[in-house]
Amino acid sequence: MSEEFENHDPNSGHTESEHHIVGPATYAIIFAALLVGTALTIGASYLEMGAWNPVVAIAIACIKATLVVLFFMHIKYSSKLMKLTVGAGLFTFLILVGMSLSDYISRAWGQW
Amino acid sequence: MDSHSIATTVDAHGHDVAHEHEHPAYLRHHFVSYEQQTETASFGMWLFLLTEIMFFGGLFTAYMIYRNWYFPAFVAGSHQLSIFLGSLNTLVLISSSFTMAMGVWCAETKRHKGLVWALIATLILGIGFLGIKSVEYHEKWEKHHIPGDTFSVQSFVNPDSDAEAKAAHDKPLGLDMARKTEVYFSLYFAMTGMHALHMIIGIALLCGMLFKAVRGGYMDGNIAFVENFGLYWHFVDIVWIFLFPLLYLISRHQ
């Protein structure tokens, strides 16, 4: 989007790239997908998968959250700046959680 | 001095008057276009939401670590939650996210009635979520599962005395481990409580937005508030999408 503003012409960006409107059909499909995801995660919790139960549950939750971010929160249709911001936030978040967990895992794991 | 009068002053200094008048009054003079103004607003909203992700992320990390430390206590604690009520609340919250998304679409396409009804639906579903949550909290109160002086480990040292624990075929925990269920419930109340607080703030904002929408607000194209509230509401939904499986579901079988 930034290239439209470079010449500082008050009218640039005003008419050409209109704000993308996500329609009801897309929202309905995502809503249905979220309901299916919820049903799947509840169903999966009744299966005996041992250590895989949390893995499957978190994987389904990540897919659902991605759908919400991309479509309900319009990131799929947003500028590169917004995409990069969300991506950088997620990356920072994973570093913080990953580093914290690596500390716990590498020190006296199983000795509590 | 509002942005409009500034715009007129600029006009006097030789700007294209005809083009200046195409701009709505809500376009701030330091933005080139309304597109840029909205993008700046949602950029700020996303930065706020990222700090929120870090905040909830800390709670989730604590939950993960403690669950590994006091695994039997966390499994027994999670057996106390009702999967039915948790699933129902997930359904309610996802539906409210959908109605809010529809509200944003109605605002974008200037559908007055649609926006009002979408906000009403979102409001009812949001309050419904808190209602169901309060039923769950009340049950914890009755069973002395709220951390503090009155916390009771009865359900965990003697599972046969407790309907939920018996139904889940819980084995009795030693007193040391049974007392760690208090850690589970502390995190349960911290996480769902912070989530509920976000819902309450959201509901207050929704009421204000509905008040304005009923009076014909947001029909002039100035819908940044609706869009950014939508982002907030969906974020709260995402937190629940992770809370539900982690608190209610993953310990069903251990």
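Suppose the filter is touching a residue at least 60 places away in the same chain (Cβ under 8 Å) and more than 21 Å from the chain's Cα centre (by Cα); does residue B:226 pass it?
Taking the combined requirement at face value, the residue does not satisfy it.
Yes/no matrix, rows are residues, columns are (1) within 10 Å of chain A (Cβ to nearest Cβ); (2) within 16 Å of the chain's Cα centre (by Cα); (3) surrounded by 19 or more Cβ atoms within 10 Å (Cβ to Cβ):
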{"position": "B:215", "(1), (2), (3)": "no, no, no"}
{"position": "B:220", "(1), (2), (3)": "no, no, no"}
{"position": "B:237", "(1), (2), (3)": "yes, yes, yes"}
{"position": "B:250", "(1), (2), (3)": "yes, no, yes"}
Exercise for the section: Say whether the condition of being crowded, with 20+ Cβ neighbours inside 10 Å, over 19 Å from residue B:97 (Cβ atoms), touching a helix residue (DSSP H, G or I) at 6+ places or on another chain (Cβ under 6 Å) and acidic (Asp, Glu) is met by at least one residue in region B:167-190. Expected result: yes
Problem - Selection from region B:191-209 of residues that are under 17 Å from residue B:99 (Cβ atoms), surrounded by fewer than 19 Cβ atoms within 10 Å (Cβ to Cβ) and in contact (Cβ under 8 Å) with a residue 60 or more places away in the chain - result: B:203, B:207
Handout entry: Filter result (among the β-branched types (Val, Ile, Thr) and either loosely packed, with under 14 Cβ neighbours inside 10 Å or more than 7 Å from every other protein chain (Cβ to nearest Cβ) (or both)) within region A:28-57
Key = A:29, A:30, A:36, A:55, A:56
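For (1) among the basic types (Lys, Arg); (2) within 17 Å of the chain's Cα centre (by Cα); (3) on the phi > 0 side of the Ramachandran plot, each residue gets a yes or a no:
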site: B:145; (1), (2), (3): no, no, no
site: B:160; (1), (2), (3): no, no, no
site: B:179; (1), (2), (3): yes, no, no
site: B:188; (1), (2), (3): no, yes, no
site: B:194; (1), (2), (3): no, yes, no
site: B:206; (1), (2), (3): no, yes, no
Practice task
Check region A:1-10 and report whether any residue there is at the interface with another protein chain (Cβ under 9 Å from one of its Cβ atoms), assigned to a helix (DSSP H, G or I) and modelled with pLDDT under 95.
Solution key: yes
Practice task
Can you confirm whether region B:90-103 contains a residue that is facing chain A (nearest Cβ under 10 Å), free of Cβ contacts under 8 Å to residues at least 60 places away in the same chain, closer than 30 Å to residue A:50 by Cβ and of a type in the set (Val, Ile, Thr)?
Solution key: no
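When you scan region B:88-101, how many residues do you find that are under 19 Å from residue B:139 (Cβ atoms) and surrounded by 18 or more Cβ atoms within 10 Å (Cβ to Cβ)?
The number of residues fulfilling the criteria is 3.
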Practice task
Say whether the condition of being under 12 Å from the mean Cα position of the chain (by Cα), of a type in the set (Lys, Arg), at the interface with chain B (Cβ under 8 Å from one of its Cβ atoms) and part of a helix (DSSP H, G or I) is met by at least one residue in region A:77-89.
Solution key: no
Exercise for the section: Would you check if residue A:69 is without any contact (Cβ under 8 Å) to a residue 24 or more places away in the chain and either in contact with a Phe, Trp or Tyr (Cβ under 8 Å, 6 or more places away or on another chain) or not in a helix (DSSP H, G or I) (or both)? Expected result: no
Completion exercise
Residues of region B:74-102 being over 29 Å from residue B:182 (Cβ atoms) and more than 17 Å from the chain's Cα centre (by Cα), in sequence order, are B:102
Problem - Odd one out for residue B:225 among (1) surrounded by 17 or more Cβ atoms within 10 Å (Cβ to Cβ); (2) part of a helix (DSSP H, G or I) - result: (1)
Handout entry: Out of B:114, B:86, B:57, sole residue that is more than 19 Å from residue A:38 (Cβ to Cβ), within 12 Å of chain A (Cβ to nearest Cβ), in contact with a Leu (Cβ under 8 Å, 6 or more places away or on another chain) and part of a helix (DSSP H, G or I)
Key = B:57
Exercise for the section: Please verify whether region B:86-93 includes one or more residues that are assigned by TED's automatic domain parsing to the domain that holds residue B:245 and out of contact with any helix residue (DSSP H, G or I) (no Cβ under 8 Å at 6 or more places or on another chain). Expected result: no
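The values are calculated or read from the model by the stated rules, or taken from the named source; none is laboratory data. Quantities reported herein were computed from a predicted structural model and do not represent experimental measurements. Note: ideal-geometry Cβ built from the backbone for every residue, glycine included; neighbour counts use all protein chains shown.
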